[in-house]
Structure formats: C-alpha cells, structure tokens
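The values are calculated or read from the model by the stated rules, or taken from the named source; none is laboratory data. Computed from a predicted model, the values in this text were never measured in an experiment. Quick reminder, even Gly has a Cβ in these numbers, built from the backbone with ideal geometry, and neighbours come from all protein chains shown. Heads up: the accessible areas ignore ligands, DNA and RNA and are worked out on the full protein's heavy atoms, side chains in. Shrake-Rupley method; radii C 1.70, N 1.55, O 1.52, S 1.80 Å.
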Amino acid sequence: MSDRSTSPVSASGSSGENHHHAWAKLPEGEYLTEMRTTWVVPSVPKDVSNHDVFIYLWPGAGSVLQPVLAFHAGYPKWYLHTYAIHGGESVKGEDYDVEVGDTVVGVIKLKEITSDGKYTYRVFFERGDGTEYPPETACEQTWPEAESGICQYIEAFGDPHGDQYPAEEYLKMCDITVTSNKGPVPAQSIVWDLSTSPQAKIVNGDLWLPYRA
C-alpha cells in the first residue's frame, strides 16, 4: 500500500485517537493577517504495519485554515498539504514529500481584502531557509469575515497506546509569530488555552504538544 491521499475526515473513524491542541484569541478588535509556525519533521515510527495510523500536525485559524504536516503508516512518509475550508467550500494544495529532520514553516497569511470587503487568506509552506515550497502546494480562499482565533494542533489516530507514533514524546512548535491588522502581536499577549491538553507545555515561548494521551 502506498497511499497518502487519505484526509483527516476519513481517518477520524480509526480507533485510538490522541488529540492535543492549544487555542488563543487575538486581542480585542484585532484580526489575523499572518501566523508563522516552525517545526522539524519528526522521526518515522519504526513499526508502520498498522495502516490505520495517521498523524496530522498543524497550526490553524478560523473554520479551517491549515498548513498540515501529515503521516500515514500506509505510505509511509511525512508530507505536506494545505487546507482551506469555509462552510461547504473546500480547497486543498497538492501533497509534497519531506524528509525527517527538515525544517518547515507553516504560514497562514491574509493576501488581500477584496473590494466588497471579504478576506482572502493564503495557506502555504516555507523551508527553513525561507524559500517557499512549489506554488501548487499552497491554497487560498476568500472568506466573508476576518479571523481572530488561532490554534496549534496534533491529531493522531489509530494507535491507542502510542506505540506507532514517533519516538519523540513531544512535537515542538517553534518561533510562533503572529501579526494582526494592528501589527506584530507580542508573544506575551497571546494566552494559549491548554485546558484540553494538560500534558502540553510552553517553554521559552515555544509550544510543546505531546503525541500520546
């Protein structure tokens, strides 16, 4: 089997879900114009025999604006894809393989405010050296409203004991930078809600999310 096309929606029926996330709201009266999150592609599990194992790592905003680092044991490699979903409308960028140890930067950026007052967001990836991945891996969508909520997320499916997840206990979401319509948002003013992920932690401004419950 060599299939990386399965989406989080189809994976969500798998047994053994471990979801860990942090949410935050921008300061009152501000909306998102850019969010950047850096992380290093983690190890591939040694045992990939259970093809029900899916892992999705992503920063996000709004209904769905997601630059996703994904893993499917039936493939089995890490790869990038992007989603933008609003209401019943969905767009997705093309998949792109990456290697363990690569530095990737997930970006959500307000591209323009249209003449009729709508907001076009672009979702894409950059490498650690600042170059952008091929344009077909990006996606964009126009929404009737701007976004003021942000999140960082791990979705892991199919392994109730975590034996097939990467050996690393945590994924480190680094260099999280947020810009609003009023300029850069100071890291200290972003209050991450960790109430649904008590094992998560913030260390020197970086967000550490666990793979396992």
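Points to keep in mind about this one:
- The value of relative contact order for the chain, using C-alpha pairs under 8 Å at least six residues apart, is 31 percent.
- Computed over protein heavy atoms with a 1.4 angstrom probe, the accessible surface ordering of His161, His20, largest first, is His161, His20.
- Given charges at Cβ of Lys, Arg, Asp, Glu: segment 55-213 dipole, positive-most of Trp192, His72, Gly93: Trp192
- Pairs from the list Lys109/Lys201; Lys109/Lys182; Lys46/Lys77 with a Cα-Cα gap above 18 Å: Lys109/Lys201.
- Taking segment 121-177 and dividing mean pair separation by its residue count, relative contact order in percent (alpha carbons under 8 Å, at least six apart): 24
- From helices alone, the chain scores -500 deg cm²/dmol at 222 nm; the rule is -39500 (n - 2.57) for each run of n ≥ 4 DSSP H residues, then divide by the residue total.
- What the pair-distance distribution of the chain shows, using all Cα-Cα distances binned every 5 Å from zero, is 1, 7, 16, 20, 21, 17, 11, 5, 2, 1, 0 percent.
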